[in-house]
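Here's the structure, in structure tokens; my notes come after.
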Amino acid sequence: MDITKISPRPPGLAGALRARKSVDAIVARNDQEPGHGLKRSMGLVHLTALSIGASLGTGIFVILGEATPKAGPAVVLAFVLAAFTALFSALSYAELAGSIPVSGSSYSYTYATMGELFAWICGWCLMLEYGVSVAAVAVGWGEYINELLHGMFGIALPAAISESPGAGGIVNVPAIVIVLVAVVLLTRGASESALVNTVMVALKILVLVFFCAVAFTAFRAGNFAPFIPLGAAGVTAAASQVFFAYIGFDAASTAGDEAKNAKRDLPRAIILSLLIVTILYCLVAIAAVGAMPWQDIAGEGAALATILNAATTSTWPAIFLSAGAVIAIASVVLAVMYGQTRILYAMSLDGLVPRIFSRVNRRTRVPVVNIVVVGGIVSALAGFVPLGELADATSIGSLFAFMLVNIAVIILRRRHPDLHRSFRTPLFPLMPVLGVVFCALLLFGLGVSTWVAFALWMAVGLAIYFAYGVRKSELRSRPEEVEAR
């Protein structure tokens, strides 16, 4: 590979843009010190469950009632359209995961194709996406705990210990508890937390299958007529909303350094998880509309539980579903926190954040300090900050990262046409180009407040990069790892 040396002096903006790490250097980093890096212990089932666990959570349990008013019975088509949109980026992720199988996900892919500055921007976007979203999900878990307690025992936790100060409480204890449980599981080891996540994913799939089975007993074909009462514009609007229920399929790409056969299994896990999630979403949507007229579903925050109450004369199915929602959200917290710690691990290996975040425990072979610090920050956000519209900013981080991944596929194909790829995006370059276009369209559809929050976040990130990352980057002391332009 053509390698060039660079000056060890910290470069300015132009130098940061030119500093592109070689693919070989990125792939070799975790395995340079046998026994000190992450342990390869995850197979295809665990990797697929990781992606399903990160995406199959609060979305399907609440989003149906929000999207149905926009599309009517055609909300089923909205899920298909959203899946098709996600597929473009999923194919790009699959190719890059099979070509650069490391824990950094889109951060590492961007480092190898666009340079260090864009890699930092991508990694910083992922920190926003993962950190704020997992805090918001933890808050949602506390709300479902209250619903479950009310359904089973007719009681609820006092607002003082189940809401943040800005929402009328003192501290959201359930949200903090679920984050701390995830911290404990993650510090025990990758294989242990992967096993727990796989079990929880299996349980929540079972719960959704149960919902479909019960709802289909009250199925009425007439509920689907007319099928598209609000026109194609309604379907498109609903698809934009339900798209965010698919975010998380890329979680497997954060496990590149812990996969037993990363080149083979990472692309399969990404595509397989998207397929499974899409089938489940479409089945749930068909069963829901078939069991209840779409006008009655509209506006229902807990649409699935309401449908089960209407379809049966008993309350236990809805209680069972609420229990499933608790499990579903818990697995999202676990899977997303896992992904965030591994991306931070990769950034630390590159010197862009302090080295302590890549320090691995000799016994468990996981970055314990990394996990504890991330858990502390996330639990503080979940327990004391009313997230509100800030949670919407997670979508902008996801879409920006997706767009960069689609661009990275095109660049890597051009610069390294002979690189071994265990999966190749079909219809290249059409698919990644469409991925960029669709992500851009969704980005420009976000609200002004979301863009303001994103701009502030990026300003902080760039300040940290130029104050710390530029000076401490490993590429300043490892010029042999820099790839020539």
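Taken together, the values in this text are just the output of simple stated rules run on the coordinates, not laboratory data. Quick caveat: nothing in here was measured; it's all calculated off a predicted structure. As a convention, Cβ positions derive from the backbone with ideal geometry for all residues, glycine included, and neighbour counts pool all protein chains shown.
A few comments on the model shown:
- Placing unit charges on each Cβ (+1 for Lys and Arg, -1 for Asp and Glu) gives the chain a dipole about its Cα centre, and among 396, 139, 297 the Cα reaching farthest toward its positive end belongs to 396.
- For the range 38-443, the fraction of C-alpha pairs more than 37 angstrom apart is 20%.
- Listed from fewest to most Cβ neighbours within 10 Å, the set 164, 133, 477 follows the order 477, 164, 133.
- Near residue 79: Cβ cut-off under 14 Å, other residues only, Lys/Arg at +1 and Asp/Glu at -1. The net charge is 0.
- Every Cα-Cα pair in the range 127-166 was counted, and those over 15 Å apart are 50% of them.
- Cα→Cβ-extended label distance, 7 Å offset, between residue 180 and residue 313, nm: 4.6 nm
- A Cβ-based charge dipole, computed about the Cα centre of the range 363-475 with Lys and Arg at +1 and Asp and Glu at -1, lands at about 600 debye.
- At full extension, residue 372 and residue 463 could sit 30.3 nm farther apart than now, given 0.36 nm per residue minus the alpha carbon distance.
- Each of 121, 50, 78 was placed along the dipole of the chain (beta-carbon charges, centred on the mean Cα), and the one lying farthest toward the positive end is 121.
- Placing unit charges on the Cβ atoms of the charged side chains and taking the dipole of the chain about its Cα centre, the candidate lying farthest along the positive direction among 235, 91, 453 is 91.
- Given R0 = 30 Å, the distance between the Cβ atoms of residue 199 and residue 161 translates into a calculated FRET efficiency of 0.55.
- Remark: 48, 254, 217, 306 ranked as 217, 306, 48, 254, counting other beta-carbon atoms within 10 Å and listing the fewest first.
- Dividing the radius of gyration of the alpha carbons in the range 289-435 by their Kirkwood radius gives 1.09 for Rg/Rh.
- Normalised contact order of the chain, rounded percent, pairs of Cα under 8 Å and 6 or more residues apart: 34 percent
- Computed from point charges on the beta carbon alone (+1 for Lys and Arg, -1 for Asp and Glu), the dipole magnitude for the chain about its Cα centre is near 1500 Debye.
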